[in-house]
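Quick note: the coordinates plus some simple rules give every number you see, no bench work behind them. Being a predicted model, the structure only gives us computed values, none of them experimental.
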């Protein structure tokens with residue numbers, strides 16, 4: 001009898017552990033209100049279903065310095081290629097004083113680096129958390145990671161879907 005109980009326990013443990021690995025098969029979709037997002041750099045890769053709820057508009061770093069650039073936008077996504085530029089002092093007040101969410105994509109430094117005039121990008125606070133998308137809105141910081149820290153197409157698209165949900169929740 002003891003043998004059957006141990007076998008049953010072993011089976012239950014193995015079954016529950018195998019279920020843990022199934023997260024890689026999950027696809028997150030954003031189904032909230034339509035978001036309008038300015039993008040500095042390339043438009044992000046998102047699930048086809050999410051395209052019905054997120055519209056991208058191109059921006060450049062100079063437009064961030066123009067008054068009213070944020071009109072009609074819920075958020076601004078900044079690609080990795082432009083992070084060192086937007087870490088310059090002239091952008092700090094924009095991040096702190098503008099009523100739009102900012103998302104820093106695949107940054108090697110924490111979002112705090114962009115909010116502090118005294119910290120250059122190359123000496124910024126290291127992103128040891130593995131956050132792929134780091135958001136900032138009205139003194140609130142939020143982030144998403146990639147499943148298993150793997151930058152696969154599906155994981156990146158899922159991270160954006162989760163970020164859309166966070167933006168919808170924070171920007172009313």
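Structure above, values below:
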read-out: Extension reserve of the residue 123-residue 45 stretch, reckoned as 0.36 nm per residue once the Cα distance is removed; value: 25.2 nm
read-out: Alpha-carbon centroid distance for the pair the range 81-102 / the range 121-160, whole angstrom; value: 17
read-out: From the coordinates shown, Rg and Dmax of the Cα atoms in Å corresponds to which of (1) 28.2, 121; (2) 19.8, 77; (3) 15.2, 45; value: (2)
read-out: The chain, relative contact order in percent, only Cα pairs under 8 angstrom and at least six apart counted; value: 22
read-out: In degrees, nearest ten, helix 153-170 long axis to first principal axis of the chain (Cα); value: 60
read-out: MRE, 222 nm, helices only [DSSP H, n ≥ 4, -39500 (n - 2.57), over the chain, to nearest 500]; value: -9500 deg cm²/dmol
